[in-house]
Every structure is written in structure tokens, then in C-alpha cells.
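Right, one structure below, let's go through it.
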Amino acid sequence: MTAPNLVVVGSVAYDSIKTPTQDEKDVLGGSATYFSIASSVLVPTGVVAVVGDDFKPQHRTLLESRNVNLDGLETATGETFRWGGVYDKHLKDRETLFTNLNVFADFQPKLPESYKNVPYVFLANIDPDLQNAVLQQCTAPKWVACDTMNFWIHGKRESLLRLLPKIDALFLNDSEAFDLTGYRSLPDAAQWIADHGTPISVIKKGEHGAIIFSKDDVYAAPALPLRNVIDPTGAGDTFAGGMVAAIARLDQVTPEALRMAASVGTCTASFCIQSFGPSALTQMNREGLNERLEMYKNLTRFPEMTL
Ligand code: AMP
């Protein structure tokens with residue numbers, strides 16, 4: 001398999017998800033799963049993670065069929081990471097019911113030789129100590145982005161703060177940005193993050209899209225308004241997968257590239273929410289993505305008219 005151009009460390013999980021219409025256990029999930037299925041459509045992607053000996057061969061096959069490089073996926077004795085969440089009746093708010101780290105509790109990531117020179121790195125939502133450990137093993141990282149969530153902002157704040165000067169972009173939800181920084185406005189939160197060492201903040205706002213703050217630009221990327229929303233689980237990781245893969249493909253981080261990449265991330269995420277778990281996302285190809293990008297151009301374009 002081709003050496004990856006992008007490596008992601010994060011969770012590979014079995015999720016228990018309850019929506020107003022469906023309730024399923026042991027659905028394939030995890031931050032690295034959603035991210036890599038999305039990013040592999042654009043660039044060869046390698047995964048660093050651990051699963052338990054209960055991980056089903058069909059799920060490994062599914063990832064491989066999407067060209068995800070699994071050289072960095074370890075199998076350990078024990079159970080795969082499990083997460084459970086329940087959505088409110090409008091599929092907007094989500095409550096975490098449980099987070100069982102299982103094999104992740106003792107995971108010591110070791111990068112395969114073929115991953116070490118990778119230029120683009122994504123530290124998906126997982127223990128910041130594991131994110132740090134993976135980054136240290138990268139010999140020539142060119143651009144590094146990181147995602148996190150409340151579980152780690154509260155549980156591993158010091159480790160997360162140590163990471164900020166070492167990364168180029170931080171992805172997080174608006175409420176997580178407020179929790180991390182103590183501010184109540186997104187520009188203030190982004191400035192706090194920049195002052196703590198990370199120049200780019202990508203703030204996700206669920207169905208309202210994302211705002212990207214960088215030194216020279218602020219870009220608002222609304223979500224694509226779709227009719228058949230089934231399950232938003234993984235949409236944030238999928239958005240990140242599309243966005244970081246687009247940056248890796250463009251091989252530049254200009255304000256224009258960030259705008260293009262955020263639009264790609266948005267269109268990629270629009271596939272994720274159209275099924276329970278990642279199955280709709282696994283159907284995404286370049287052609288389908290290009291169609292959504294055309295829709296997106298139309299959605300966000302307005303004519304300049306003299307008033
Ligand atoms: P998202 O909907 O983008 O926030 O991502 C949800 C995915 O993140 C699910 O598939 C979970 O398995 C995974 N996840 C939830 N909590 C954690 C956590 N604390 N650490 C790592 N991954 C998690």
C-alpha cells in the first residue's frame with residue numbers, strides 16, 4: 001500500500017447511538033474511523049489506533065476497501081473503545097451516556113516506519129497524552145491539526161495546553177472553545193488559542209457550519225441544508241477529514257486554501273449525517289463530492305449589486 005501523506009491518531013470505536021427513531025449498539029465509529037474514511041477519498045491516509053480482540057474482521061475489511069492504511073492499527077487483548085450517546089428529539093443536542101476507554105487505557109502508540117516522514121498529521125479526538133506521543137514520533141511534520149472535546153478539556157487540560165504551541169490548527173465545537181478559554185465570543189476564544197500557541201482555530205457549530213479564524217482571515221462555512229438527516233455522529237471528524245485532506249492535497253495553507261478546504265470539509269460532512277453510523281460516508285466518491293461542492297458554491301454565492 002502507498003505510504004500515507006496524512007496520518008491520523010484517534011479512536012476506533014464501537015458506538016451505542018440513540019436517536020428519536022433508532023437505537024443501535026456496537027456501530028462502527030470513533031474519531032479516526034470517520035476522519036480516515038473521509039480523508040482517504042482525497043489522500044492516502046494512515047491510522048494510528050488500537051482495537052480490542054473483539055474488533056470484527058468485516059470492519060477492518062471495510063476500512064481497507066476505502067483505501068485506509070491500517071499498518072498503524074494495533075490489536076490488543078481486551079475490548080474495543082466504546083462510546084454511547086443519545087440525541088434530543090431535534091437531533092441537535094447530544095448527551096454522552098458512557099465513555100469506556102478499554103484498550104485505549106494502556107495504549108502506547110508506536111508509529112510504523114512508513115508513517116514517520118508523513119507531512120500532514122491529524123491528532124483526532126483522543127487523550128492529549130497519546131496525541132503528544134504520536135507527534136513526537138513524526139520526524140518531519142509540515143502541518144499538524146488537532147481536535148479535542150470536553151472530556152479531555154476537563155480531564156487532561158495541562159496536556160492539552162502543552163500541545164497548543166506544537167500544532168498549527170485546533171478543531172473544536174463552540175461550547176468546547178468557551179470551556180477551554182473562558183470566553184463567550186468566538187473571536188475572543190480564537191485569540192486566546194492563538195496567544196497559547198495555535199494560529200488557526202476551526203470552530204464547529206454543528207448544523208450551523210464552522211468558522212475558521214486565522215491570522216489573515218475569518219471564513220464562515222455554513223452547513224449544507226439537507227432534508228434527510230439521520231445521525232450526526234462523526235460529522236465533526238468527517239468535516240476535519242475532508243478539510244485536512246484538502247489542505248494536504250493543495251499542499252498550501254493560504255487563506256484561499258483554508259477557505260477551499262473548509263468548503264470541502266463541509267460537503268464531506270454532509271454525507272456522514274445521511275445514515276446511521278458511517279455507511280453513507282463510505283459511499284462518497286470524488287464525483288459525489290464534486291456535485292456537492294457545486295451545490296455549495298451556489299448556496300454561498302451572492303451577486304454584488306449597487307444599493
Ligand atoms: P463527533 O460526532 O464528530 O463528535 O464524533 C463522535 C465520535 O467520536 C464517535 O464515533 C465516538 O466513538 C468518538 N468519541 C466520543 N467520545 C470520545 C472521546 N472521549 N475520545 C475519543 N473519541 C471519542
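The values are calculated or read from the model by the stated rules, or taken from the named source; none is laboratory data. Quantities reported herein were computed from a predicted structural model and do not represent experimental measurements. Here the Cβ positions follow ideal geometry from the backbone for every residue, glycine too, while neighbour counts run over all protein chains shown. Surface accessibility is based on the protein's heavy atoms, side chains included, excluding ligands, DNA and RNA. Shrake-Rupley method; radii C 1.70, N 1.55, O 1.52, S 1.80 Å.
Residues within the reach of a label modelled at ASN100 (point 7 angstrom out along Cα to beta-carbon, backbone nitrogen below 18 Å), restricted to segment 106-136, are 106-107.
Only four residue types carry charge here, +1 at the Cβ of Lys and Arg and -1 at the Cβ of Asp and Glu. Report the dipole size of segment 21-78 about the Cα centre in Debye, rounded to the nearest 20. Before the final figure, lay out each step's value.
Details: 4 positive and 8 negative charges, 40 e Å.
I would put it at about 200 debye.
Accessible area per residue of the chain at 1.4 Å probe, in Å²? Could the numbers behind the result be given before it?
On the way: 13860 Å² over 307 residues.
That works out to 45 Å² per residue.
For segment 115-145 versus segment 1-46, the inter-centroid distance based on Cα atoms is 17 Å. The charge dipole of segment 6-300, taken about the Cα centre with unit charges on the Cβ atoms of Lys, Arg (+1) and Asp, Glu (-1), comes to about 400 debye, rounded to the nearest 20. Nonpolar atom fraction for the chain, defined as the carbon and sulfur part of the 1.4 Å probe accessible area, stands at 50 percent.
Full-extension gain between ASN285 and SER175, please, as 0.36 nm times their residue separation minus the C-alpha to C-alpha distance. All intermediate terms of the calculation are to be shown ahead of the outcome.
Details: separation 110, 0.36 × 110 = 39.60 nm, distance 3.20 nm.
Fully extending the segment from ASN285 to SER175 adds 36.4 nm.
Taking a straight Cα-Cα cut-off under 12 Å and skipping sequence neighbours fewer than 8 places away in the same chain, the aspartates and glutamates within cross-link reach of LYS215 are ASP168, ASP195.
Near the amide H of GLY234, within less than 5 Å, lie no amide hydrogens of residues on another chain or at least 5 residues away, with H placed in the peptide plane. With a sphere of radius 14 Å drawn around the Cβ of LEU28, what net charge do the other residues whose Cβ falls strictly inside it have (Lys, Arg +1; Asp, Glu -1)? It works out to a net charge of -2.
Within the set of other residues whose C-beta is less than 13 Å from the C-beta of LEU63, count the net charge using Lys and Arg as +1 and Asp and Glu as -1. Taking every other residue near LEU63 into account, the sum is +1.
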